[in-house]
Amino acid sequence: MKTISEIRADFPVLSRQVYGRPLVYLDNGATTQKPRCVIDAVNNVYTTYNSNIHRGVHALSDIASEEYENAREKVRSFINAAKKEEIIFTPGTTGSINSIAFSFGERYIRPGDEIIISHLEHHANIVPWQMMCERKGARLRIIPIDDTGEIIFDEYLKLLSEKTKLVSVTQVSNALGTVLPVREIIDTAHSGNIPVLIDGAQGVQHGTADVASMDCDFYVFSGHKIYGPTGIGIIYGKEKWLTELPPYQGGGDMVDTVTFEKTTYNELPFKFEAGTMNFAGAIGLGSALDYVLSIGRENIESMEKELLRYATERLSGIRGLRVYGTSGRKIAIISFLLSNIHQYDTGLILDKMGIAVRTGTHCAQPVMSRYGIEGTVRASLCFYNTMEEIDMLGTGIEKVISMFEK
Amino acid sequence: MTINQVQDKIIEDFSVFEDWIDKYNLLIDMGRDLPLIDPKHKTKDYLIEGCQSKVWLYPEFNGHNVTFTADSDAIITRGIVALLIRVLSDRTPDEIIASELYFIDRIGLRQNLSPTRSNGLLSMVRQIKLYAMAYKAKTKQL
C-alpha cells in the first residue's frame, strides 16, 4: 500500500501554496482534488483520440465510443450494478435527481401522492421534488432528525403510507456528515413496494457503495466528488424502472427512429443520454474509480475513520467550539461554530492561513434551521488529508479565537 | 476631507502594517467605530442581499447630505462596512454617485475583499449608490 506522502504526490494541487503557505485542503465535501491519472486521462482524450461518440464510422470515433463504454462498465462494476444498461451518464448529482424527478413524476405521480425525503437533504434532493410535486399536485413529506443529526426512524415509519410513491434520501449528510441507515430505509419502503432513490453524492467516495446489497432502485452521484472531473455524474436505475420511465430530454443519440409524426426511443442506457455526452468527463471518471480501487476502498474507509477520530478529539478540546452532527455513524466531516464568532469571520481567517474550509449553509438550509443557526464552518476530510493538517486546523481555529475575542 | 482624501488616509493607515494579521486586526478595530444602525431599523427592508453574513444599512438624508448607519453579524464584514461609511457617509448624493472606490484594491486585503468572495462588498456599494440616486431624484422633484 502507498504511504500518505506517495498518495499526496498523486494529487498535484495538494503541493501548492496559498498566500505563501502550504495549502491545507479541507473542502472535500464540495469537491475533491484530482489525481494525476485522471488529469492525464482527460488530457489524453483531447490530445490523442477526441471524436464524437456513437456517431462516426471512423477510427477515432470508434476509440472514443469504446473508451466511453469502458467507463460505463467501470462505474457498473464499482457500484456493483447488475447491468451496464442500468448506468446513465449525467452532468452530476443535481442533473441526475432532476432527471429522475421529472421522469418519475410524469409516469407515476397523481394528485395527492406523496414523496418522502429527510430533513438532512442537500437542496438538490429537495427542490426537484418540490417542483415535481407542484406540477403534479403531490406532497413532500419530511423525515425529522434528532439533535445528533440522525433521522428519527420511527417518524419515517409513520410517514409511509399507501400514498407514498417514492422515498429519496441521502446516503450521507453533506452538512453534518451523518451516515443514514439506507439499508433499513430501503427494506422498510420495499415491504410496501415503494421504490427508493439514494443520493450518493457524499457517500460513494467514502467506503462501499454497493447498489446490489443496498437494493436501492436509484443511486446517483457526481464524478467530481470522487476524484473525477467536474460535469459528469451518474444515475443508476434498476432496469425495470429505466425501461418504464419516459426520457427527460429529447435530442440526438437517444432516438431510434424520428419522423415528424412520432419518435421511438433508443434502448437503454442511450434513451436517457440525449445530445453529445461529456465523454471526456466519463472517461476521467472511469480513471478516478480505478484510482480509488488501487488505493482500496477498505483502506480509504479506515484512513478516514482515523482522521475523523483525531479531528473530533483535537477540535472538541477547543474552548467554545461546538460540533453540529454528533452521530456515532459519520464520515470525516466536522461542522462547527465558535461561540460568538461568525462562520464567515472564521472561514476568512482560516483561509489566510492556507486552510480551505466551507462556510455557510452548505446548500442545506433546512438543516441549519433545525439547529436555529445560519450556517457553520465545515471541514470535510478525505484519505489524502493528514493528522498534521488537522493540527494546523486546530491551531488556526485557536488563532481565530484569539483575534476575535478581544 | 474629500472622498479621495479619506481613501488615501485609509490606504496610509493600512500601509503601516506588513503582516495580514495586523491588517485584519486594524479592520476589526475599524469595525468598532461603525456608526451603528438603530436596532429598530434592523429589518428586512434594510438588509443587503448577496452577503454570506448579514448587513443592514440605513440611509438618512437631510436635504443636502446622505448619512449611513449600519451593522453586520460578522466582525470582518462590519469592518468593511465601517470603511465604506467612513468614505461615503455624510456626502451629497452627487459626490456619492461620482465616487470611484480605489482604496479596497490598495489596502492589501484585496484577495479577501474582492467582489467574488461573496462578502457582499459589491452589493453594499451598489446599495449606497442607489440610495444616493434616489435622494438626488427626490431633490430634483422638490
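Tabulated data for the structure shown
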| read-out | value |
| --- | --- |
| Filter pass, B:Leu26 being among the aliphatic types (A, V, I, L, M), over 12 Å from the mean Cα position of the chain (by Cα), within 14 Å of another protein chain (Cβ to nearest Cβ) and under 17 Å from B:Leu83 (Cβ atoms) | yes |
| In region A:347-380, residue nearest to B:Thr77 (Cα to Cα) [restricted to those that are more than 9 Å from every other protein chain (Cβ to nearest Cβ) and part of a helix (DSSP H, G or I)] | A:Leu350 |
| Selection count where residues are of a type in the set (S, T, N, Q), part of a helix (DSSP H, G or I) and in contact (Cβ under 8 Å) with a residue 40 or more places away in the chain, scope region A:265-315 | 2 |
| Unmet requirement for A:Ile88, which otherwise passes all of (1) outside any strand (DSSP E or B); (2) surrounded by 15 or more Cβ atoms within 10 Å (Cβ to Cβ) | (1) |
| Close pairs from region B:1-24: first surrounded by 15 or more Cβ atoms within 10 Å (Cβ to Cβ), partner polar (S, T, N, Q), Cβ under 6 Å, at least 6 apart | B:Ile3/B:Ser99 |
| Those residues of region B:55-75 which are under 12 Å from the mean Cα position of the chain (by Cα) and either more than 14 Å from B:Pro35 (Cα to Cα) or of a type outside the set (Phe, Trp, Tyr) (or both), in sequence order | B:Val55, B:Leu57, B:Pro59, B:Thr67, B:Thr69, B:Ala70, B:Asp71, B:Ser72 |
| One residue from A:Leu245, A:Leu293, A:Leu308, A:Leu321 being surrounded by fewer than 15 Cβ atoms within 10 Å (Cβ to Cβ) and not aromatic (Phe, Trp, Tyr) | A:Leu293 |
| Number of positions in region B:68-99 that are more than 14 Å from chain A (Cβ to nearest Cβ) and among the β-branched types (Val, Ile, Thr) | 6 |
| Test: residue in region A:209-220 that is modelled with pLDDT under 95, over 26 Å from A:Asp113 (Cα atoms) and either assigned by TED's automatic domain parsing to the domain that holds A:Val367 or touching a helix residue (DSSP H, G or I) at 6+ places or on another chain (Cβ under 9 Å) (or both) | yes |
| Verdict on B:Ile80 being surrounded by 22 or more Cβ atoms within 10 Å (Cβ to Cβ), touching a strand residue (DSSP E or B) at 6+ places or on another chain (Cβ under 9 Å), free of Cβ contacts under 8 Å to residues at least 60 places away in the same chain and of a type in the set (A, V, I, L, M, F, W, C) | yes |
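A quick yes/no check of all residues on (1) of a type outside the set (Asp, Glu); (2) in contact with a Gly (Cβ under 9 Å, 6 or more places away or on another chain); (3) assigned by TED's automatic domain parsing to the domain that holds A:Leu176; (4) at pLDDT 95 or above:
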position	(1), (2), (3), (4)
A:Leu26	yes, no, no, yes
A:Tyr46	yes, no, yes, yes
A:Tyr49	yes, no, yes, yes
A:Arg55	yes, yes, yes, no
A:Ser77	yes, no, yes, yes
A:Lys83	yes, no, yes, yes
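The values are calculated or read from the model by the stated rules, or taken from the named source; none is laboratory data. As the structure is a computational prediction, the values presented were derived from the model and not from experiment. Backbone-built Cβ (ideal geometry, glycine too); neighbour counts: all protein chains shown.
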